[in-house]
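Visitor: Before I ask anything, let me first share the structure, which is written out below as structure tokens.
What follows draws every value from the coordinates through simple rules; no lab data is involved. Since the structure is predicted, the reported quantities are computational estimates derived from the model, not experimental observations. When we count neighbours, we look across all protein chains shown, and the Cβ atoms used for this are built from the backbone with ideal geometry, even at glycine.
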């Protein structure tokens with residue numbers, strides 16, 4: 001019986017050794033300049049981009065796409081960044097329905113206060129689970145949300161670095 005139990009453990013150990021896959025996540029860095037070109041060519045409004053990527057962060061997602069929280073013809077510019085840890089920063093810029101965009105981008109955050117960033121008033125939103133900190137503002141028909149798990153000062157620095165890119169029609 002000891003020999004058969006040893007044989008079973010040996011087979012299990014062999015299968016584990018053969019099928020082992022490390023679970024380390026690698027961050028896929030995206031060259032977002034192409035996405036900016038697409039967005040500025042396809043959009044009807046100036047696309048916001050950061051003047052520089054925050055130290056320690058990499059662009060992991062950049063896309064201009066139809067807005068799922070709006071009607072036909074509504075669009076969203078999305079830019080996602082992450083650091084080597086668990087922090088991320090995202091930018092949502094949309095002409096979809098503001099209340100739906102804000103709810104999705106802030107994880108239904110509680111927006112009770114405002115803050116001045118570069119002389120502009122932003123709503124400050126937060127939700128504990130899952131942790132999401134956000135700055136929100138509405139300009140004309142656009143909803144702009146800077147959101148993430150990054151500390152407030154990093155989100156504020158990112159929001160203050162945003163500048164409009166000219167349209168390329």
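Visitor: How do 98, 52, 147 rank when sorted from fewest to most other Cβ atoms within 10 Å of their own Cβ?
Guide: Placing the least packed residue first, the sequence is 52, 98, 147.
Visitor: Quick one: if you stick a label point 7 Å off each Cα along the C-beta vector at residue 108 and residue 168, how many nm between them?
Guide: 4.0 nm
Visitor: Ok, one more. Considering only region 33-165, what is the antiparallel percent among its DSSP beta bridges, to the nearest 5?
Guide: 100 percent
Visitor: Grab the Cα-Cα distance for residue 140 and residue 72, subtract it from 0.36 nm times how many residues apart they are, and report the gain in nm with one decimal.
Guide: Extra length from residue 140 to residue 72 when fully extended: 22.7 nm.
Visitor: Starting from 0.36 nm per residue, how many nanometres of slack lie between residue 99 and residue 160 once their C-alpha separation is accounted for?
Guide: 19.7 nm
Visitor: Next question. Can you put 161, 94 in order of Cβ neighbours within 10 angstrom, beginning with the fewest?
Guide: 161, 94
Visitor: Still on this structure: Taking the number of other C-beta atoms within 10 Å as the exposure measure, put 114, 149, 86 in order starting with the fewest.
Guide: Least to most surrounded, the residues fall as 86, 114, 149.
Visitor: Okay, next question. Counting each DSSP H run of 4 or more residues in the chain as -39500 (n - 2.57), what helix-only mean residue ellipticity at 222 nm follows after dividing by all residues, to the nearest 500 deg cm²/dmol?
Guide: -8000 deg cm²/dmol
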